[in-house]
Structures are given as structure tokens and as C-alpha cells.
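Report on the structure given below.
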């Protein structure tokens, strides 16, 4: 009997020793509505995190097996958790500097803009530059008495700032507004402007009927002023980056596709990473118009962060046309509200082809800005030529940034060529009420903001805000995606409602598909075992709440790599 008992004891010990040890979790998230965006769109009860990654997704009872003495139990309090939201097209340093400079986004008239500048001048030192961004003449409640090519002129602005140079970027970034002092410093006057205008490739200094500069600098003509604006010092840039990161965290953004960075900016990102201050995953596009920088990176190859997934540089951004707001978007037909005007290419298409070839040869994704239908067609043509020359390279994931206005014949080409449409749904909310004046009803209905048509054709559509063109808040873009309404809730039923995204499509465009847009869909973008523990927690169930309540959704928590980088005071 003793021998039998001893044998049973030995067997029990052996079986226990063979059992795999349970890893104790760093955190267990429970008691919330959880959307995984996995292949099954499952909704588990709990998510378990260890070492910055997800180690279990499933029932609460099974998750409790991972609980240890030091495990943080995160009660979601019934709130909604999704994969971390990814801003697929924004300008990170622009976001930071917009918090340091004049923010003109809410300005409703030219007079209100002038008043803001007057206040800034009163606080500034003599001769100090006054900088800002965000005005949009088509969104003003009233228009100035004097307009040239649809824009205001500088006289009122100059009157309140006689001794301080002023430069105010259009909300789109595709134009700027200078006062007389800034133009004096830049040598822009009636005698010089004609010659300067002729020398500008892909831009225009707008003049009145007497040949006087009005203060509006369109597209690449902005360089005439930019080169005289003092460069931001290192400390101010650090401050801007810190503010931008915090703004992303407050808004539930865990990853950010930075749409154009110079080498100094990339170096600053690297510095923040090394100092442990980059609590935001960055996917960086090189500023393609800088030909020397582009050549340098093509020669040395991409910088891909496969360890921390915090800072990757593997794409090139090409700015190929302007925006609808300043009539710089390159169109196949003339502007409906300005006969004879077609917009413009801001880069030669030969250069787009050259960079596309170089990108394919050296492992870089190419991301080309195109808003007008001609710009989109021309870029697709250049891509198609480069792809045909390199038929073995199929996973290139080239993108068109904005893809805002397409000719119907070009819509299926995105899926056919595996080109990603990086679109910002909130642009419809802001632009659609006046964009019809630029394009006319037929072109708007057949080719503008064609999200559902692109998705049905098999193309990937990824989402964002183009911050600081629009606020960083992803809920606004999510709302626009599923309602196609302005943020004021008009019109009933939305503009061209057949092009709305479903909520599942909209969520995926901000998470898993956005991760695909940066080659990271295997490591983030959904809540699955083995992926990075990046989460956004919302105050409402964005998948079921009534549409008219969506915009009242708040971000309650943002988690990057298992670290709670933002917690709302309301949580």
C-alpha cells in the first residue's frame, strides 16, 4: 500500500512539474466594451498585458489566472476600449507649433483675424515676427469688401502691425498671408513681384489689377517669405514636440504618420527616443521636395525600428498639387467659380517618377499629396510606370495622400495597383459646404470624398485629420466618416450618403488598416495576442451610440506599450 501511495505521489509531482507556468500580468483590463478589430471582430471580456504586449484576450475568469501580487487591475468602468488610434496623416511639429503660435482655426471673419493680430502685436517686442495658422476665407461668415482671386488684401492687417512682420498660414498650409512689413523685409513690391513670380515653380504671388502684391502667397511662392522668418531655435522645437505628443495622448492617438519631416526634425525625434520621452509611435515621411535629403536617404536606405516600434523612417512625401481652398488643387477641368483656373502641379511629374523608381529600388514607400483629379491621375500614371518596370516588387504600399477629388475612371485604379488612399474624412465636414462652388455638383457627386467606392473596389482607405489643418481629435473624423455631415450636423442624411463608411470600416481605417499603411499590421492595429499593448479608451460606445451623440465622446485613457500615458480626470 505504501509503495502504491508513493508511486501516486511521484506521478502527481511529475505532472505538476510538466504544467506550464502562468506569466503574471503587468495589467488586466476588464469591465468594459472591448473591440478587438481582429478577423472575427470579437468582443472579449478582458485583455492581459505583460512587457508592453498583449498576452491574453478572452474571458474574465481565464484572465484572472494571470493575476499576481503586482498586477494592476484596470477597471474600465463600462467604457469602450479599442486598439490605439493611428493618425495616418498629420504634421507633428505643426501641431506643436500651432499651440505656441496664433491659432486662427476659429476665426470667422477678416476683421476677427485682424483683431487677433493686433492683440499679439501689443504683447510682442518691436520687430518680432507674428506667426499663425488656421484661417480659411471660404469658412468666414462675412467676406471682405475687397477681394482679389477670392482672397483678402493686406491693408487692414498691415495697419495694425506696421512695425512687426506678420505671416499667417492658410488652414491648408498651401497659402499664406503677409503684411506690408513682412513683404518689405522679403523685398516683395510692385517693382520686384513680377520677376519673382516668373521665377517661382509651382506657386504664385497674387497681385491686384495694378500689379501690387496683395499679401497672399500661394503654394511654393510662400518660400519668398519663409526664408526671412527666423528659424525656430532648438529649445522652442523641443517645447513644440512635447506639446504635440501630449496633444496626441489627450486625443487617444498612439501612433502618428508624420507627413513630411526634414533632417533636423528626424534628429529631434531620435533624441526624444533616446531620452525616453517619445511616448508616441512615429512613422516618418521624408520631405521629398528637398532633393538633396531625398537622395541621401535613398542611398542609405530606410530606418526601420523593429525593436521598440517607436521611430521608423521608410517613406518619402511628395507635395504634388495644392488645395481646393486656394484653388491650387490641380484639376482636369477648370474651377467652377473661376473660369480659366485649373490649379497647378507643385512638383514636376518627372520627379515623381524618379522618386517612385528610387523608392522601389531602395525599400521606400512613396506618399504623394494629391487633391485635384488631375493630380491624382498623373500620380497614378507615374506609379504605374514605375511598377511596370519593377514587376517583382508587389508589396510597395505606395500611397496617395488625401485622394480627395478623383475622376470616376481612376477610382478602381487604387485597388488594381495596390495603392493606399490616405484620406482625412473630417475634410468633408469642413470643406464640402463650399467645395461644391469650386467643383460644381456633377464633379462633387461623381468623384469627391469617395470612401465607400474605394473600399468596395478593394482599396485600403486609412484615416486621419491632417493636423494642424484640422484639430487632432479623431472622433471628429470618425463622425464624418459615418455621417458625411458637418460637425454642426448638417445636412440631414449627410452629403452623398452612399459614400459613408460603416462604423466597422471607420474603426478599421483608424486602426488595423492604418497600421497596414505603415507596414505594421502584424504588430499593432488590433487587440490580439502578441501585438503591442496600444489602446484607446472612449467614454461612449462609438460603434453603437446615436450619431448625433458621437461628437460628445471623450478620450478617457490612452495606453502606449502598456503604459497609461494619459488618463482623463473624468476616468
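All of (1) buried (at least 21 other Cβ atoms within 10 Å of the Cβ); (2) under 30 Å from residue 403 (Cα atoms); (3) touching a strand residue (DSSP E or B) at 6+ places or on another chain (Cβ under 9 Å) hold for residue 117 with one exception: (2). Residue check: residue 396 meets all listed conditions (1) touching a residue at least 40 places away in the same chain (Cβ under 8 Å); (2) in contact with a strand residue (DSSP E or B) (Cβ under 7 Å, 6 or more places away or on another chain); (3) assigned to a loop (DSSP other than H, G, I, E, B) but one, namely (1).
Evaluate the following for residue 476: is it crowded, with 23+ Cβ neighbours inside 10 Å and part of a helix (DSSP H, G or I)? For residue 476, the condition - crowded, with 23+ Cβ neighbours inside 10 Å and part of a helix (DSSP H, G or I) - is not met.
With respect to (1) more than 13 Å from the chain's Cα centre (by Cα); (2) without any contact (Cβ under 8 Å) to a residue 60 or more places away in the chain, the lone exception for residue 443 is condition (2). Among the numbered conditions (1) outside any helix (DSSP H, G or I); (2) touching a helix residue (DSSP H, G or I) at 6+ places or on another chain (Cβ under 8 Å); (3) over 30 Å from residue 281 (Cα atoms), the only one that residue 117 does not meet is (1). For segment 240-267, filtered to residues that are part of a loop (DSSP other than H, G, I, E, B) and touching a residue at least 40 places away in the same chain (Cβ under 8 Å), the residue that is farthest from residue 559 (Cα to Cα) is 251. Any chance segment 357-366 includes a residue that's out of contact with any helix residue (DSSP H, G or I) (no Cβ under 7 Å at 6 or more places or on another chain) and closer than 20 Å to residue 259 by Cβ? Yes; the residues of segment 357-366 include at least one that is out of contact with any helix residue (DSSP H, G or I) (no Cβ under 7 Å at 6 or more places or on another chain) and closer than 20 Å to residue 259 by Cβ. For first residues located in segment 492-518 and modelled with pLDDT under 95, partners that are part of a helix (DSSP H, G or I) and crowded, with 22+ Cβ neighbours inside 10 Å and lie 6+ apart or on another chain with Cβ distances below 8 Å do not occur.
For segment 461-473, does any single residue satisfy the condition of being more than 24 Å from residue 108 (Cβ to Cβ), in a helix (DSSP H, G or I) and assigned by TED's automatic domain parsing to the domain that holds residue 368? No: segment 461-473 contains no residue that is more than 24 Å from residue 108 (Cβ to Cβ), in a helix (DSSP H, G or I) and assigned by TED's automatic domain parsing to the domain that holds residue 368. The set of residues from segment 436-460 being buried (at least 21 other Cβ atoms within 10 Å of the Cβ) and in a loop (DSSP other than H, G, I, E, B) comprises 449, 450, 459, 460. Find the residue count for segment 544-556, including only residues that are within 15 Å of residue 29 (Cα to Cα) and free of Cβ contacts under 8 Å to residues at least 40 places away in the same chain. The total comes to 0. Within segment 488-532, being part of a loop (DSSP other than H, G, I, E, B) and under 15 Å from the mean Cα position of the chain (by Cα) holds for 510, 511, 517, 518.
The selection criterion, being in contact (Cβ under 8 Å) with a residue 24 or more places away in the chain, surrounded by fewer than 20 Cβ atoms within 10 Å (Cβ to Cβ) and touching a strand residue (DSSP E or B) at 6+ places or on another chain (Cβ under 8 Å), holds for residue 129.
Please specify each residue of segment 161-192 satisfying the condition of being under 22 Å from residue 118 (Cβ atoms) and surrounded by fewer than 19 Cβ atoms within 10 Å (Cβ to Cβ). Scanning segment 161-192 gives 162, 163, 184, 185. The number of residues in segment 323-351 that are outside any strand (DSSP E or B) and either under 30 Å from residue 300 (Cα atoms) or in contact with a helix residue (DSSP H, G or I) (Cβ under 8 Å, 6 or more places away or on another chain) (or both) comes to 18.
Could you say whether any residue in segment 268-275 is without any contact (Cβ under 8 Å) to a residue 24 or more places away in the chain, part of a loop (DSSP other than H, G, I, E, B) and over 30 Å from residue 394 (Cα atoms)?
Yes; the residues of segment 268-275 include at least one that is without any contact (Cβ under 8 Å) to a residue 24 or more places away in the chain, part of a loop (DSSP other than H, G, I, E, B) and over 30 Å from residue 394 (Cα atoms).
Only one entry of 204, 219, 232 meets the criterion of being farther than 21 Å from residue 285 by Cα and either surrounded by 15 or more Cβ atoms within 10 Å (Cβ to Cβ) or without any contact (Cβ under 8 Å) to a residue 60 or more places away in the chain (or both), and that entry is 204. For segment 278-303, what are the residues that are assigned to a loop (DSSP other than H, G, I, E, B) and surrounded by 14 or more Cβ atoms within 10 Å (Cβ to Cβ)? Passing the criteria: 278, 279, 280, 288, 289, 290, 302.
Of the candidates 403, 415, the single residue that is under 17 Å from residue 513 (Cα atoms), free of Cβ contacts under 8 Å to residues at least 60 places away in the same chain and surrounded by 24 or more Cβ atoms within 10 Å (Cβ to Cβ) is 403. Every listed requirement among (1) in contact (Cβ under 8 Å) with a residue 40 or more places away in the chain; (2) part of a loop (DSSP other than H, G, I, E, B) is met by residue 93 save one, (2). Just for segment 36-68: of the residues that are without any contact (Cβ under 8 Å) to a residue 12 or more places away in the chain and assigned to a loop (DSSP other than H, G, I, E, B), which one is surrounded by the fewest Cβ atoms within 10 Å (Cβ to Cβ)? The selected residue is 40. Answer with yes or no whether residue 354 is assigned by TED's automatic domain parsing to the domain that holds residue 444, in a helix (DSSP H, G or I) and surrounded by fewer than 24 Cβ atoms within 10 Å (Cβ to Cβ). Here the answer is yes, as residue 354 does meet what is asked.
The values are calculated or read from the model by the stated rules, or taken from the named source; none is laboratory data. Not measured: the values here are computed from a predicted model. A quick note on method: Cβ atoms are made from the backbone with ideal geometry, for glycine too, and the neighbour counts reach across all protein chains shown.
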